[in-house]
Amino acid sequence: MKICLISDYLLTRCAYTNALKQLPIVESVADFSNLNDCEHYLARTGVDAVLIDIELNEDELNSIKHIKENFCEVKFIVMTQQEDVLPILALGAAYVLKNFRMEEFVDIISTTLQGNVFIAADVAGFIISIFQEKLEQNQKIKAFNLTPREKEVLHRVAMGESNIEIGSHLFLSQYTVKNYVSRIIEKMGVKDRTQATAKAIQCGLV
């Protein structure tokens with residue numbers, strides 16, 4: 001198995017490279033400090049997997065997506081301490097925390113190469129809680145039964161706009177806006193615009 005390793009720090013790359021070379025399934029390890037250099041290497045040399053140990057911002061996530069589109073046969077394994085795992089999983093990359101044991105790498109890479117998404121046990125509960133929270137939010141949103149227009153008005157309310165300003169943006173009279181706001185407050189079971197805004201933020205409506 002041929003592996004590319006990406007890490008910000010030279011000592012980290014050396015440590016991982018030495019450890020990976022001890023594994024019987026690993027044929028070679030090429031290490032890089034950034035995704036761009038790795039992509040150039042992939043264009044010249046075929047590898048089975050890319051092991052990433054860098055903090056991922058939006059640019060890096062987009063770079064991984066771009067590389068995966070150009071080298072769809074290559075599997076990605078992301079080592080990180082970040083809690084925001086959903087963008088990583090959305091890319092189809094395996095996700096492991098940095099405290100995994102090197103002997104576990106055989107299982108991780110085998111699972112990944114079979115086309116499955118590896119999720120470390122210590123983050124599985126966290127991921128489940130995220131989906132449960134989003135499910136609860138969706139259920140609450142459906143329970144409000146807001147119309148598309150009411151959602152538009154609520155969004156403007158959350159932005160701090162007055163009835164006159166909302167009416168100007170949505171081409172409604174301020175009296176019509178007032179009626180919309182009253183219905184929104186009633187449907188959401190709150191007392192005023194402030195509480196409606198707070199609940200809308202809590203439920204992910206705005």
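The values are calculated or read from the model by the stated rules, or taken from the named source; none is laboratory data. All values derive from a computational prediction rather than experimental measurement. When we count neighbours, we look across all protein chains shown, and the Cβ atoms used for this are built from the backbone with ideal geometry, even at glycine.
Can you tell me which residue in the stretch 176-197 is nearest to residue 146 (Cα to Cα), limited to those that are without any contact (Cβ under 8 Å) to a residue 12 or more places away in the chain, assigned to a helix (DSSP H, G or I) and in contact with a helix residue (DSSP H, G or I) (Cβ under 9 Å, 6 or more places away or on another chain)? Before the answer, list the steps.
Applying the first criterion (without any contact (Cβ under 8 Å) to a residue 12 or more places away in the chain) to the stretch 176-197 yields 176, 179, 182, 185-186, 189-192, 194-195.
Still in the running and assigned to a helix (DSSP H, G or I): 176, 179, 182, 185-186, 194-195.
Filter once more, so that each one left must be in contact with a helix residue (DSSP H, G or I) (Cβ under 9 Å, 6 or more places away or on another chain): 176, 185, 195.
Values: 176: 16, 185: 10, 195: 16 Å.
Applying the filter and picking the extreme gives 185.
Condition check ((1) among the β-branched types (Val, Ile, Thr); (2) modelled with pLDDT under 90) across all residues:
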{"residue": "144", "(1), (2)": "no, yes"}
{"residue": "162", "(1), (2)": "no, no"}
{"residue": "173", "(1), (2)": "no, no"}
{"residue": "176", "(1), (2)": "yes, no"}
{"residue": "202", "(1), (2)": "no, yes"}
{"residue": "205", "(1), (2)": "no, yes"}
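Take the stretch 1-19 and flag every residue that is free of Cβ contacts under 8 Å to residues at least 60 places away in the same chain, part of a helix (DSSP H, G or I) and not polar (S, T, N, Q).
10, 11, 13, 14, 15, 16
Would you tally the residues in the stretch 3-13 being over 11 Å from residue 51 (Cα atoms) and either touching a helix residue (DSSP H, G or I) at 6+ places or on another chain (Cβ under 8 Å) or surrounded by 13 or more Cβ atoms within 10 Å (Cβ to Cβ) (or both)?
1
Take the conditions modelled with pLDDT of 90 or more and of a type in the set (Gly, Ala, Ser) and apply them to residue 33. Does it pass?
In short, yes.
Within the set of pairs 6 or more residues apart or between chains, which connect a residue that is over 11 Å from residue 205 (Cα atoms) and without any contact (Cβ under 8 Å) to a residue 60 or more places away in the chain inside the stretch 130-143 to a residue that is part of a helix (DSSP H, G or I) and not aromatic (Phe, Trp, Tyr) with Cβ atoms less than 8 Å apart?
Listed pairs, sorted by first residue: 130/86.
Can you list the helices (runs of 4 or more DSSP H) found entirely within the stretch 20-97 that contain at least 2 residues being surrounded by fewer than 17 Cβ atoms within 10 Å (Cβ to Cβ), assigned by TED's automatic domain parsing to the domain that holds residue 8 and without any contact (Cβ under 8 Å) to a residue 24 or more places away in the chain?
35-44, 58-70
Considering the stretch 129-143 alone, what residues qualify as being of a type in the set (A, V, I, L, M) and under 18 Å from the mean Cα position of the chain (by Cα)? I'd like the intermediate steps shown before the answer.
In the first step, residues of the stretch 129-143 are kept if they are of a type in the set (A, V, I, L, M); the result is 130, 135, 141, 143.
Within the stretch 129-143, 130, 135 meet the criteria.
Okay, residues lined up against (1) closer than 26 Å to residue 131 by Cβ; (2) surrounded by 14 or more Cβ atoms within 10 Å (Cβ to Cβ):
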residue: 141; (1), (2): yes, yes
residue: 144; (1), (2): yes, yes
residue: 173; (1), (2): no, no
residue: 176; (1), (2): no, yes
residue: 184; (1), (2): no, yes
residue: 191; (1), (2): no, no
residue: 197; (1), (2): yes, yes
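Can you tell me which residue among 64, 3, 52 is farther than 30 Å from residue 131 by Cα and at pLDDT 80 or above?
That would be 3, the only listed residue that is farther than 30 Å from residue 131 by Cα and at pLDDT 80 or above.
So which of 126, 118 ends up being at pLDDT below 70 and within 14 Å of the chain's Cα centre (by Cα)?
126
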